[in-house]
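The numbers here are math on the coordinates, done by the rules we state, and not lab data. Quantities reported herein were computed from a predicted structural model and do not represent experimental measurements. Quick reminder, even Gly has a Cβ in these numbers, built from the backbone with ideal geometry, and neighbours come from all protein chains shown.
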Amino acid sequence: MSSVDKQLRILFIDDDKATNFLNKHIAKKNAKVGSTVLLDSAFEAINYLEKQVINPLDKPDIIFLDINMPAMNGWEFLDVFYNIESGLIRDIEIVILSSSDDPNDLNKFETHDTLLDFVKKPLDSKLFNDVLLKLKS
């Protein structure tokens with residue numbers, strides 16, 4: 001982030017609407033957060049991000065991404081995400097937010113040097129704040 005005073009734009013991608021609702025509530029309690037967008041599918045998220053080419057001021061600063069989703073999982077989302085126009089996705093941080101205990105998921109995370117963090121669900125205020133502290137300033 002270029003400015004200390006900048007309000008963060010957060011995108012949550014999770015197929016569980018109750019989880020998204022909780023995540024938004026946690027994010028809104030943080031003074032650094034200006035806006036949150038909740039999407040319940042990876043396909044919907046790709047479409048949302050591609051529209052940001054038209055209005056890049058609305059692009060998220062950070063994405064919290066679930067892994068286990070129907071149709072397109074989080075890893076498949078990342079494959080598509082990294083092929084979106086680079087000027088658009090530059091500076092978007094991605095955090096895996098998952099309940100997965102699969103060691104393969106942690107191994108995949110460790111091979112993606114572009115991912116900011118891997119956080120276990122459920123998200124809480126402390127975890128959320130810890131992630132924000134890892135953001136580049």
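Below is a table of values for the structure above.
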quantity: Exclusive hit being in contact (Cβ under 8 Å) with a residue 60 or more places away in the chain, more than 15 Å from the chain's Cα centre (by Cα) and assigned to a loop (DSSP other than H, G, I, E, B), set Asn30, Asn83; calculated: Asn30
quantity: Count of the stretch 109-137 residues which are without any contact (Cβ under 8 Å) to a residue 60 or more places away in the chain, over 24 Å from Lys17 (Cβ atoms) and out of contact with any Leu (no Cβ under 9 Å at 6 or more places or on another chain); calculated: 5
quantity: Failed item, numbered, when Asp130 is tested on (1) crowded, with 17+ Cβ neighbours inside 10 Å; (2) outside any loop (DSSP other than H, G, I, E, B); calculated: (1)
